[in-house]
Amino acid sequence: MGRLRNYFLTGLLVTGPAGITLYLSWAIMSWVDSWVKPYLPSAYNPDTYLPFAVPGYGVIVALVLITLIGFLTANIVGRTLFGYSETMLQRMPLVRNIYKGLKQIFASVLAERGSSFKQAVLVEFPREGVWTIAFVAAPTKGEVAEKLQSTDLLTVYVPTTPNPTGGYLLFVRPDQIRVLDMSVEDAAKLVISFGLVTGDQPAGPFAPKPAPVALPPQAEPARSPEDATV
């Protein structure tokens with residue numbers, strides 16, 4: 001039974017991540033196809049000529065269209081048209097706030113010269129003496145740096161476990177963090193796995209078991225004279 005258990009856990013370790021990855025990839029591809037294919041002319045849609053749907057065709061069309069839009073925006077005519085559309089969006093009361101926020105997020109994430117999330121660190125949070133993993137986003141700038149009257153602050157992101165998409169944004173000094181040697185990917189694995197998977201040791205049913213944590217001895221409760229019976 002012990003060997004069967006180890007075989008099952010090993011098979012689950014191998015097929016679990018691969019199966020979930022394939023399922024998410026298929027779901028995203030189907031979602032993009034459902035958005036793009038209805039707008040394609042029948043002459044350019046392979047589903048019109050084939051008895052079955054071609055998966056991923058909508059993804060390819062979307063990638064080609066995005067690349068084509070980027071090519072047209074790079075020249076003078078496309079840049080002028082894009083400037084007019086951007087000016088129109090910025091004049092709309094509710095839409096302009098959403099547009100500005102999304103544009104800043106995409107510009108920060110896709111910027112090649114940016115150093116976003118290139119370093120994993122330890123920071124004391126939520127109180128002194130308690131350390132958690134954080135990711136350095138960028139040097140703190142703008143009004144936050146002016147109000148705090150500091151030019152060397154760092155903006156760090158503290159993810160939550162096991163969902164790293166939610167977390168806290170902190171502004172700390174460089175002397176308040178400890179830089180980790182592990183990569184950002186290994187730090188993310190540590191956060192997602194509740195601290196069970198680290199980058200310097202194997203994971204799985206055959207991984208070495210960690211040594212038990214030594215807890216400080218606790219004082220025994222005082223006994224009354226009535227309790228001291230034979």
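Within region 21-40, residues that are closer than 11 Å to PRO55 by Cβ have Cβ atoms under 8 Å from residues that are charged (D, E, K, R) in these pairs: LYS37/ASP47, counting only partners at least 6 apart in sequence or on another chain.
From the list THR140, THR198, THR160, THR155, the one residue that fits, being polar (S, T, N, Q), at pLDDT 85 or above and in contact with a Lys or Arg (Cβ under 9 Å, 6 or more places away or on another chain), is THR155. Inclusion of THR67 among residues that are under 31 Å from the mean Cα position of the chain (by Cα) and modelled with pLDDT under 85 is not warranted.
Here GLY16 meets each of (1) within 30 Å of LEU196 (Cβ to Cβ); (2) open to solvent by 50 Å² or more (accessible area, probe 1.4 Å) with one exception, condition (2).
Selection of region 168-195 for residues being closer than 18 Å to GLU128 by Cα and surrounded by 12 or more Cβ atoms within 10 Å (Cβ to Cβ) yields TYR168, LEU170, PHE171, VAL172, ARG173, PRO174, GLN176, ILE177. Checked against (1) at negative phi; (2) open to solvent by less than 50 Å² (accessible area, probe 1.4 Å), ILE60 passes all but a single condition, namely (2). Taking the criterion of being within 22 Å of ARG178 (Cβ to Cβ) and either of a type in the set (Ser, Thr, Tyr) or out of contact with any Gly (no Cβ under 8 Å at 6 or more places or on another chain) (or both), the residues of region 130-144 that qualify are VAL130, TRP131, THR132, ILE133, ALA134, PHE135, VAL136, ALA137, PRO139, THR140. Can we say PRO38 is modelled with pLDDT of 80 or more, surrounded by fewer than 11 Cβ atoms within 10 Å (Cβ to Cβ) and not small (Gly, Ala, Ser)? Yes: the conditions hold for PRO38. Checking each residue in region 41-61 for being at pLDDT 85 or above, under 20 Å from TYR23 (Cα atoms) and over 31 Å from the mean Cα position of the chain (by Cα) picks out no residue at all.
The values are calculated or read from the model by the stated rules, or taken from the named source; none is laboratory data. Everything numeric in this text was worked out from a predicted model, so none of it was measured. A quick note on method: Cβ atoms are made from the backbone with ideal geometry, for glycine too, and the neighbour counts reach across all protein chains shown. Calculation scope for accessible area: heavy atoms of the full protein, side chains included, ligands and nucleic acids excluded. Shrake-Rupley method; radii C 1.70, N 1.55, O 1.52, S 1.80 Å.
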